[in-house]
1. Can you tell me the equivalent ellipsoid semi-axes for segment 194-268? Use √(5λ) from the Cα gyration tensor, largest first, whole Å.
2. What net charge do the residues around K270 carry, taking every other residue with its C-beta under 11 Å from that of K270, with Lys and Arg at +1 and Asp and Glu at -1?
3. Looking at this model, which pairs from K322/K348; K10/K194; K215/K326; K316/K348; K212/K238; K10/K212 are more than 30 angstrom apart at the alpha-carbon?
4. On the protein heavy atoms, probe 1.4 angstrom, tell me the percent of accessible surface of segment 57-159 carried by carbon and sulfur.
5. Considering only the other residues whose Cβ falls under 12 Å of the Cβ of P211, what net charge follows from Lys and Arg at +1 and Asp and Glu at -1?
6. Positive end of the charge dipole of segment 133-178 (Lys, Arg +1 and Asp, Glu -1 on Cβ, about the Cα centre): tell me which of S161, L175, M134 has its Cα farthest that way.
7. Using only the alpha-carbon atoms, how far is helix 261-270 inclined from the longest principal axis of the chain? Give it as 0 to 90 degrees, nearest 10.
8. Where the centre of each part is set by its Cα atoms, how far does segment 172-209 sit from segment 1-49, in angstrom?
Amino acid sequence: MRIIIVGCGKVGSALAEQLSAEGHELTLIDLSERRLEKLTNRLDLTAVAGSGTSYQVLLEAGVQDTDLVIAVTAHDEINLLSCLTARKASGCHAIARVRDPQYVADLGFIRDELGISMAINPELSTARVVSRLMRFPSAIGVSTFARGRIELLDIRIPAESRLDGMAVCEVNPLLRTNVLLCMVRRGETTYIPKGDFILHTGDDVTVIIPPKEQKLFFDQVGVPSMPIKTAMLVGGGKIAFFLAKILLDSGISVKIIENRLERCEFLSEKLPAATVIHGDGTDRELLDEEGLSSCGAFVSLTGMDEENILLTLFAKRVPGLKTITKINRITFNDVIDGLELGSVIYPKYITSEAIIAYVRARQNSIGSNVETLYHLFDNRVEAIE
């Protein structure tokens, strides 16, 4: 497909890398020539310096022969106007990133009335992923297929688990379960295991488990499976706002710690059922006073990756606590994996995967039969529906 990406920030760059690897013909538009040069030096694509809202710039980028325009700049209005201009210029499909919470209720109207194919809110998408991880507290990762009816769960085999030393072909007969072991990551190596593959403590295993058997399986292999009833969120940004709404609606008690007074007032007004604390989330005394030791889940959502990592490492002292860490910029995956942070989320990849799912669906209509594709274990494995 011929695709124009407007905006080369974190999401735009992630999209360019993945779509280029899949063989699409890409053109990037951005005001920053430095950003464009950085990507063109690494990837096979065309770059145009300018604003995606400009008709002339879009023409220079070849919008008249383009199948899809994806606008992911930092400004919602620019994204929407870029998509609208592209639609009027060529009738191509268009996707806009829309981040402001005040637009969430209007996304359907915006999409239909402006003729946009997809309007995606990155923070809302990330919040949904986090809430899914909290539905499966034993998992460090969750990927969904068949429109959410099937879940691939990533778990880490704990010390003294019955799985340690067990062959894959022995798992179901010995545990009397109906589990499918799909992948195993051991250190830097990823395996698609055969029946004689021996599992060991510390392996990251991706499994498919029928919902009614999940608790039984987790209990038998020594992985805690108690449902989460309370959650502490550090950082009161957009992700925390959407996540708190989802958790409160599902009956989970939520406590948010935020250091900006005006943001605390906003959260208190919009989320009356949540407990909002004005304070420094990096203050260990505050965390202890607010009941960290009795929480079921701890989610670090500040704007600093390093701060989120340190907060999670501190919270990991609490036995059985589900920890989720947001990371935006740091790319040292091998270092992060070695820290045993629990579940780690990358909002830029969550957003780009959602957009790429649409791209594949469009491609499906012109000859491909791939419905869903996830890159797992740092792109070492593809799971395809």
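The values are calculated or read from the model by the stated rules, or taken from the named source; none is laboratory data. What you are looking at is a predicted structure, and each value in this text was computed from that prediction instead of being measured. Note that we place each Cβ from the backbone using ideal geometry, even for glycine, and neighbour counts take in every protein chain shown. Surface accessibility is based on the protein's heavy atoms, side chains included, excluding ligands, DNA and RNA. Shrake-Rupley method; radii C 1.70, N 1.55, O 1.52, S 1.80 Å.
1. Its equivalent ellipsoid spans semi-axes of 37, 15, 11 Å.
2. 0
3. Numbers: K322/K348 22 Å; K10/K194 38 Å; K215/K326 27 Å; K316/K348 25 Å; K212/K238 34 Å; K10/K212 39 Å.
Violating the 30 Å limit, Cα to Cα: K10/K194; K212/K238; K10/K212.
4. Values: 2060 of 4290 Å².
Here it works out to 48 percent.
5. Numbers: positive: R135, R149, K212, K215; negative: E151, E213.
Neighbour charge sum, excluding P211 itself: +2.
6. M134
7. 80
8. If we compute the Cα centre of each part, the gap is 37 Å.
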